[in-house]
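What follows is one structure encoded as structure tokens, with my remarks underneath.
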Ligand SMILES: C[S@@+](CC[C@H](N)C(=O)[O-])C[C@H]1O[C@@H](n2cnc3c(N)ncnc32)[C@H](O)[C@@H]1O
């Protein structure tokens, strides 16, 4: 298959051809709808003619512009998403600048680093040690992927070897795909040609200096064009021209104009064309050279491919693929980097309601969500903490990698979301997980000593704008202060919850679905500064751009290169960030109470309340309902179980043979016992015994330990010592 096919795959970036950037936007409408495409081409030609005739400009209101842009997005829904071809990174580092406002010093290197090189933006992730996981770049090469069945077979032969089934499966799948993609390819080629011709006429080609800037200035004194764009197409043309100028400033800039002027114009046009707030557009524009920024904004207008993750606790990828193909689903492996992902091209059935879905054979999960768990690399029989786990895409992936052994503590501060998490855990047959709903800031006081901790932090969602366009306008400066603050506290809690002496682990993975520096490198740098007992290590991910070591006057530790950034325009995945730490020493004594206050419990609770307001991460699964009736917590019921367990424990250990558990069947007419009743019943010997136990330093079940110990073991050791001491004292008195 040719380009048409390759364009739809997720994977590695390819060099940019400017005509393709323009073309992509035109790709948005469904392929079958040729009539509409013709109309839009005619409209563009008419607009161009109107411009030539210098007709009075139509005023385009921002909402209309945004609607036009969003309209493009709506039209593509239901159409197989395409691989977007990114632009080549510009050599010009001048474009990259981030305001240092509102940052605290812990975000950057404590010792200024001189001469740290910024690595090329096109650098790929380091190769994995595991050959099997290495990316075969050929896979993304149209010539090979198109015709060579061997390559296709290789993609399927992950952990099974039945060639015959494989061939049938692949053939069945390909047959449908080929027909469709051949048709699309023809349409695309014709369209690209038309677009190119149109573009050639429209834009100032080659050496001509486009006239973009006029002598007008905006309220803040920045020069702006007084050209009111007649329509979206003209706005786009100007954006294209501005990008060309910023790319080749020496040859294409108008005389006496500075880069800043062009950049200001670009910012203004991006806000108008894509419907961003100026604040956010500026922040995002600062991340990339102009051309790459354009590609990023453009990629946010198209949905990412639908991907499902095979639940290997229930099935194999090939079996799942076969079942879904039989139901008319067109799919193929997501890429060599994953053994469990399937990219869906088209489906005749709702993917959130197939028998396979209901039986827990798969979960709908964005491809980039696989990455933090792959970086975490949980091992069988470990103790793992997933600090912000709902709705459980990553928890269930961790459980699958651990083959349901060991123990996962799946925590989420939001109780309602935690119910959804329980739903997924049950559906996918996870049996090694315990769900809790603390603010993660309370760890490790709740429990510590984990082999690995995943912190998939609440974030602004700037990596998933294609899913949730409201991010374009609803994020304020305050959000980018509050969120990083919380993320920094959470990452310290994550680090402190890990056992640095773990024989198999001692790792922490920090991830966000945001691309801002404040929520990523600055948080990681803060952790490095505050916790010298951790260091960054390779994520083991075979692709991804390196984290920034230097941007906008901020310098980060050189090891920041080991973190990974993912963008929609480079890999056709949601924007993501992944960092992996290794804990190399014990938690510093002064680290207790990450919240840095004695009433940390309160502080944590407050932050959680605040969080529930600011966490807008659009992570609910397609078709997922708010399962408020599912698997709810019954605190009274839980309390009874806790008390019974405590009493049993006291008797078993011989600490209080008279400890009386609350009666088993003390439920009222409606089946539930009131808290009062149960309290009455439990009063007396058992309560006294439990008080004694607490005094002696024992930890309450499922409540934060008062002890400041780094992990559960430490607090246990402490309490034993204390008990011994108090015993000794009593003996002495006697
Ligand atoms: C990005 S989502 C997690 C997605 C999840 N890891 C998955 O793969 O399905 C962030 C989660 O953090 C939770 N959260 C926000 N603040 C928290 C806190 N202080 N402690 C624990 N969880 C928190 C939110 O309720 C939200 O579910």
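Just so you know, all these numbers are worked out from the coordinates, no wet-lab data involved. Given the structure is predicted, the values throughout are model-derived calculations rather than measurements. Because the Cβ atoms are built from the backbone with ideal geometry, glycine has one as well, and the counts that use them run over all protein chains shown.
Sorting 526, 567 by the number of Cβ atoms found within 10 Å of their own Cβ, with the fewest placed first, yields 526, 567. Using R0 = 51 Å, the C-beta based FRET efficiency linking residue 405 and residue 255 works out to 0.15.
The stretch between residue 636 and residue 415 holds 78.0 nm of extra length on full extension. This uses 0.36 nm per residue minus the Cα-Cα distance.
By the count of neighbouring beta-carbon atoms within 10 Å, fewest first, 408, 422 end up ordered 422, 408.
Take the Cβ atoms of residue 645 and residue 468, set R0 to 30 Å, and the FRET efficiency comes out at 0.10.
Only beta bridges with both residues in segment 367-614 are counted; by DSSP, about 50 percent of them are antiparallel.
Subtracting the Cα-Cα distance of residue 653 and residue 426 from 0.36 nm times their residue separation leaves 78.4 nm of extension gain.
Just need log10 I(q)/I(0) for segment 367-614 at q = 0.10, 0.13 Å⁻¹, Debye formula, equal scatterers on the alpha-carbon atoms, no solvent, rounded to two decimals. Each listed q maps to, in turn, -0.43, -0.75.
The separation of segment 233-260 from segment 316-361, counted between C-alpha centres, amounts to 45 Å.
When you restrict to C-alpha pairs under 8 Å that are six or more residues apart and normalise by the size of segment 230-389, the relative contact order lands at 17 percent.
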